[in-house]
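Novice: I am attaching a structure below and will ask some questions about it afterwards.
The values are calculated or read from the model by the stated rules, or taken from the named source; none is laboratory data. Bear in mind that the values here come from a model prediction, so they are computed numbers and not experimental data. All Cβ positions, glycine included, derive from the backbone under ideal geometry; neighbour counts span all protein chains shown. Side chains included, ligands, DNA and RNA excluded: accessible areas come from the protein's heavy atoms. Shrake-Rupley method; radii C 1.70, N 1.55, O 1.52, S 1.80 Å.
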Amino acid sequence: MPELHDIPLTYKEGIYSIADFNKDIDGNNAISFDYDTQYQILTYTIPVGKRQLTLYNVSEDELIRMCVVYNREGMLSKVTATLNGREALLYIYYKDSEHARQEIHKFAIQNAGAIMEQIQQCTDALARLFIEYYSDSEYMDYHAKIATAAQVELIKQQYHSEDSCDNAGNYPSENIEGDNNMLITMVRCTDCPSETFQYVVEIMSKYIEEALVTLNKTEDFKYICAEYD
């Protein structure tokens, strides 16, 4: 595969591909990539906090089509790639904390909306809607899980307990997700990832809670939002 050249943090305004850069770049002021061809794993370190990000199942063809954008000031604005047919964000530059907050808020609303659209596709009456989230130094997850009245009744009979009906892990439903990869990138490119993640969780969970009026629900419906480990 073509060599993955470093991407400088400052350059002339414009949109480039990774092939537009040469080897003679100061690695201390650039984003460097490491690609495992066998396992198709891409790792790279962003300038904010020198944090390492990892992407899995990235093909060689997808790598060489990276899009690199510089703003008017010549700052590296963002890096994207088309992975599995979708635009994936690899890096984003925030001018300051307020800019980061605005971009994060906009993303959180869009992501929650995408999750809610999937939930609304269920035509059966919902008895439970679970929101589960998790974050550590590298990985972040936010997803929903639904349970119909019939599923709740089965769990109640199986475990002989009312409390068991409020445990998302007891249900076979698949997780309903937005774009967790973009969530990870946007959050980890901020100065305080842990605080930013909690901010994202609050925005998305509130959005979904306010949209509950659009759902077909049972009388004993519960909305349960919790962190898992």
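Novice: To the nearest 0.05, how large is the calculated FRET efficiency for residue 16 and residue 141 if R₀ is 25 Å and r is the Cβ-Cβ distance?
Specialist: After rounding to 0.05, the efficiency reads 0.20.
Novice: If you don't mind, there's one more thing I want to ask. How high is the FRET efficiency between residue 150 and residue 86 when r is their beta carbon distance and R₀ equals 41 Å, given to the nearest 0.05?
Specialist: The pair residue 150/residue 86 has a calculated efficiency of 0.75.
Novice: Right, another one. Explain nothing, just the number: relative contact order of the stretch 83-229, from Cα pairs under 8 Å at least 6 residues apart, as a whole percent.
Specialist: Computed value for the stretch 83-229: 39 percent relative contact order.
Novice: Also, I was wondering about something else. Going out from 0 in 5 Å bins, what whole percent of all Cα-Cα distances in the chain drops into each bin?
Specialist: Pairs per bin, as whole percents: 1, 6, 13, 15, 15, 13, 11, 9, 7, 5, 3, 2, 1, 0.
Novice: Please work out the FRET efficiency for the pair residue 125 and residue 229, using the Cβ-Cβ distance as r and a Förster radius of 41 Å; give the result to the nearest 0.05.
Specialist: That pair, residue 125 with residue 229, gives E of 0.85.
Novice: Shifting gears a bit: Using DSSP to define loop residues, name the chymotrypsin sites (Phe, Trp or Tyr not before Pro) in the stretch 125-174 whose beta-carbon has at most 13 other beta-carbon atoms within 10 Å.
Specialist: In loop regions of the stretch 125-174 (DSSP not H, G, I, E or B), the sparsely surrounded chymotrypsin sites (Phe, Trp or Tyr not before Pro) are 139.
Novice: Across the Cα atoms of the stretch 17-99, what radius of gyration and what greatest pairwise Cα-Cα distance (Dmax) are found, in Å?
Specialist: Over the stretch 17-99's Cα set, Rg and Dmax evaluate to 13.1, 41 Å.
Novice: Could you grab the relative contact order for the stretch 19-136? Cα pairs under 8 Å, six or more apart, rounded to a whole percent.
Specialist: 11 percent
Novice: What residues from the stretch 85-104 fall in the zone where the backbone N is under 20 Å from a label point 7 Å along the Cα-to-C-beta line of residue 45?
Specialist: The answer is 90-94.
Novice: Let me ask something else about it. Hey, can you find the accessible area per residue of the chain for me, probe 1.4 Å, expressed in square angstrom?
Specialist: 55 Å²
Novice: Same structure, new question: Counting only pairs 8 or more residues apart or on different chains, how many lysine pairs in the chain have their Cα atoms under 20 Å apart?
Specialist: 17
Novice: Next question, about the same structure. In whole Hz, what ³J(HN,Hα) sequence does the stretch 100-116 give by Karplus (6.51, -1.76, 1.60; θ = phi - 60°), x for Gly and Pro?
Specialist: Going residue by residue, I get 4, 4, 5, 5, 5, 4, 4, 5, 4, 5, 5, 5, 5, x, 5, 5, 5 Hz, with x marking Gly and Pro.
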